[in-house]
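Worksheet: the structure to be examined is printed underneath.
The values are calculated or read from the model by the stated rules, or taken from the named source; none is laboratory data. Because the structure is a prediction, the values reported are computed rather than measured. Please note: Cβ atoms are built from the backbone with ideal geometry, for glycine as well, and neighbour counts cover all protein chains shown. Surface accessibility is based on the protein's heavy atoms, side chains included, excluding ligands, DNA and RNA. Shrake-Rupley method; radii C 1.70, N 1.55, O 1.52, S 1.80 Å.
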Amino acid sequence: MNTNRLSATLETALNAQMTKEAHASQIYLAYGAWADSHGYGGIANFLFRHAQEERNHMMKVLEYILKRGGKALITAIPAPPENPSSANNCFEKIFQHEVDNTNAVYSIVKISLEEQDWATYNFMQWFVKEQIEEETLAMNLLDKIKIAGGEVVSSNALYTLDRDLENMPDSARSAEEVTAEQP
Ligand code: FEO
């Protein structure tokens, strides 16, 4: 008896999203290492914490696939893109990455709507909401660095921004603690 409650299309799409979240974690790790090696310890710390958050997203998708009787495929994770060329470029790359991820989330929402898979549709709303926060966070970082001078940010302003990010509260929690109400 087939107990898989996911269509083949959604199972594939969810597996791809799981890998995409793992890829996101690698990106934040890579950029964090880049930031640290340039002396931006606060930015690095922030990015490392965010890498953990992306891993939680990956776990959330993995658990959902398994819960629905689907087959979770753990594959190789693509390498992160090239290192940023500056702190400004780092935040630009992060924003672009989050927009790409939002589009991937939307495409799964669209498939679940077409298939009338209301369980997956409902599950994905958490990610729709989360992506608003992720994009807002990236936009705020970009705004801050742009106000401080963008590509020609002064060392003083960069120092302050770096210190602010160091002190930002840690929002990374385990996947089990995360709910739709409190992403
Ligand atoms: Fe898992 Fe940054 O989105």
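Being in a helix (DSSP H, G or I) and farther than 26 Å from L142 by Cβ is true for just one of E63, E98. Which residue is that? Walk me through how you get there before you give the answer.
Details: E98 fails: farther than 26 Å from L142 by Cβ.
Result of the check over E63, E98: E63.
Considering (1) surrounded by fewer than 16 Cβ atoms within 10 Å (Cβ to Cβ); (2) away from the ligand (no atom under 14 Å from the Cβ), the lone condition that D100 does not fulfil carries the number (2). The listed residues are P80, P84, and the only one of them that is under 15 Å from the mean Cα position of the chain (by Cα) and under 18 Å from A35 (Cβ atoms) turns out to be P80. Within segment 53-75, if we keep just the residues that are under 19 Å from the mean Cα position of the chain (by Cα) and charged (D, E, K, R), the residue that is farthest from the ligand (Cβ to nearest atom) turns out to be E63. The single residue among H57, H38 that is in contact with a helix residue (DSSP H, G or I) (Cβ under 6 Å, 6 or more places away or on another chain) and either under 30 Å from R163 (Cβ atoms) or surrounded by fewer than 14 Cβ atoms within 10 Å (Cβ to Cβ) (or both) turns out to be H57. Only one of these is over 17 Å from S112 (Cβ atoms), free of Cβ contacts under 8 Å to residues at least 40 places away in the same chain and among the small types (G, A, S): A35, A24, A8, A51. Name it. Exactly one of A35, A24, A8, A51 is over 17 Å from S112 (Cβ atoms), free of Cβ contacts under 8 Å to residues at least 40 places away in the same chain and among the small types (G, A, S), namely A51. Filtering segment 108-120 for residues that are surrounded by 14 or more Cβ atoms within 10 Å (Cβ to Cβ) and of a type in the set (D, E, K, R) leaves a non-empty set. Among the residues of segment 83-95, is there at least one that is part of a loop (DSSP other than H, G, I, E, B) and surrounded by 20 or more Cβ atoms within 10 Å (Cβ to Cβ)? No, the conditions are met nowhere in segment 83-95. Within segment 8-35, the set of residues being aliphatic (A, V, I, L, M) and either out of contact with any helix residue (DSSP H, G or I) (no Cβ under 7 Å at 6 or more places or on another chain) or not in a helix (DSSP H, G or I) (or both) comprises A8, A16, A30, A33.
Filtering segment 101-132 to residues that are in a helix (DSSP H, G or I), of a type in the set (D, E) and touching a residue at least 12 places away in the same chain (Cβ under 8 Å) leaves E115, E130.
Scanning segment 42-54 for residues that are open to solvent by less than 60 Å² (accessible area, probe 1.4 Å), closer than 14 Å to E134 by Cα and not basic (K, R) yields a total of 6.
Go through segment 140-150 and report how many residues are surrounded by 14 or more Cβ atoms within 10 Å (Cβ to Cβ) and assigned to a helix (DSSP H, G or I). I'd like the intermediate steps shown before the answer.
Quick first cut of segment 140-150, residues surrounded by 14 or more Cβ atoms within 10 Å (Cβ to Cβ) only: 141-142, 144-146, 148, 150.
Among the residues that remain, those that are also assigned to a helix (DSSP H, G or I) are: 141-142, 144-146, 150.
Here the count works out to 6.
Listed by first and then second residue, the pairs linking a residue in segment 80-100 that is farther than 19 Å from K20 by Cα to a residue that is within 11 Å of the ligand (Cβ to nearest atom) and at pLDDT 95 or above, with Cβ atoms under 9 Å apart and 6 or more places separating them unless they lie on different chains, are P84/I94.
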